[in-house]
Amino acid sequence: MTIRNWVKFFFNALLIGGIVTAVMGLIVRWEFFSQYLTDGEIWQFMGALLWMVFLGFTMSVVAQMGFFAYLTIHQFGVNMFKTLTLWNWVQLLIIAVVLFDLIFFRFRLTSGETGRTLLYLILLASLVGVSAITAYFKAKWTKKHTLISALFFMIVVTTLEWLPALMVRSGNIDSWVTILLFPLLAVNAYQLLALPKYNRQSDEDKLKLEERRKARKKVATASKAK
């Protein structure tokens, strides 16, 4: 990928993270934000909203680091297990382990807290649902064998990026766990689906640059001949 296209890719992902986090913050923590509006404290409201946007920028950077780390891990996995088929089975096993860990150790869905259980079931369904949809379109728009890898990235890597929030235990953590999941999902889905477009654009840019170099070389050669 050329630097220019990488910059576009980076800032688009950054923007998605900021917008999604701000929207989710308004929805999940509306009681907090509505106090400023009720009291007529518009600047405080805008400041709190801007803070959510910057939090989204941070989550976007985390997601982008995770994405490029996964690209390296994926290539390493294919090389280590020799065939893509075997590596796909390994990825499926890891997906199953991660989901098991989420259900029984992170979400604690067997704790008997009805309200909290419902919230985390919705978050789990969101994680798996968005991941499945993203993986489907990734396989449809590129190659069928990318389905498992896309599913692995969306579930496993997103969970790893989400893990710091899941490990915190405090009275208000459920709202932050909810808010932080969706920018990670949005940015990761964008990266997975948009990367081929930027790679193609980079190849076209390189080809055009090479053609311009050849044209300048021909002009220079013709000038010397004269």
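The values are calculated or read from the model by the stated rules, or taken from the named source; none is laboratory data. Given the structure is predicted, the values throughout are model-derived calculations rather than measurements. Here the Cβ positions follow ideal geometry from the backbone for every residue, glycine too, while neighbour counts run over all protein chains shown. Each accessible area value is taken on the protein alone, full model and side chains, heavy atoms only, with ligands, DNA and RNA left out. Shrake-Rupley method; radii C 1.70, N 1.55, O 1.52, S 1.80 Å.
Reported count of residues in segment 77-99, each being farther than 18 Å from Thr158 by Cα, in a helix (DSSP H, G or I) and among the β-branched types (Val, Ile, Thr), is 2. If you go through segment 42-63 and pick out every residue that is open to solvent by 40 Å² or more (accessible area, probe 1.4 Å) and in contact (Cβ under 8 Å) with a residue 60 or more places away in the chain, you end up with 1.
If you take the residues of segment 1-56 that are among the basic types (Lys, Arg) and assigned to a helix (DSSP H, G or I), which of them is nearest to the chain's Cα centre (by Cα)? Ranking the qualifying residues of segment 1-56, first place goes to Lys8.
Any residue that is within 22 Å of Asp174 (Cβ to Cβ), modelled with pLDDT of 90 or more and of a type in the set (Gly, Ala, Ser) - is there at least one of those in segment 27-45? Taking every residue of segment 27-45 in turn, none turns out to be within 22 Å of Asp174 (Cβ to Cβ), modelled with pLDDT of 90 or more and of a type in the set (Gly, Ala, Ser).
Pairs linking a residue in segment 64-89 that is over 29 Å from Pro183 (Cβ atoms) and open to solvent by less than 90 Å² (accessible area, probe 1.4 Å) to a residue that is at pLDDT below 90 and not in a helix (DSSP H, G or I), with Cβ atoms under 7 Å and 6 or more positions apart or on different chains, are Leu84/His145.
Within segment 1-17, residues that are over 19 Å from Val53 (Cβ atoms) and open to solvent by less than 50 Å² (accessible area, probe 1.4 Å) have Cβ atoms under 9 Å from residues that are of a type in the set (Gly, Ala, Ser) and in a helix (DSSP H, G or I) in these pairs: Thr2/Ser202; Asn5/Ser202; Phe9/Ala194, counting only partners at least 6 apart in sequence or on another chain. Just to confirm my filter: which helices (runs of 4 or more DSSP H) fall fully inside segment 143-226 and include at least 1 residues that are open to solvent by 40 Å² or more (accessible area, probe 1.4 Å) and either in contact with a Gly (Cβ under 8 Å, 6 or more places away or on another chain) or at pLDDT below 80 (or both)? Helices (runs of 4 or more DSSP H) meeting the threshold: 158-167, 173-225. Would you be able to say whether some residue in segment 50-66 is closer than 24 Å to Gly25 by Cα, aromatic (Phe, Trp, Tyr) and in contact with a helix residue (DSSP H, G or I) (Cβ under 7 Å, 6 or more places away or on another chain)? Taking every residue of segment 50-66 in turn, at least one turns out to be closer than 24 Å to Gly25 by Cα, aromatic (Phe, Trp, Tyr) and in contact with a helix residue (DSSP H, G or I) (Cβ under 7 Å, 6 or more places away or on another chain).
When every residue of segment 104-113 is checked against the conditions, none turns out to be part of a helix (DSSP H, G or I) and open to solvent by less than 50 Å² (accessible area, probe 1.4 Å).
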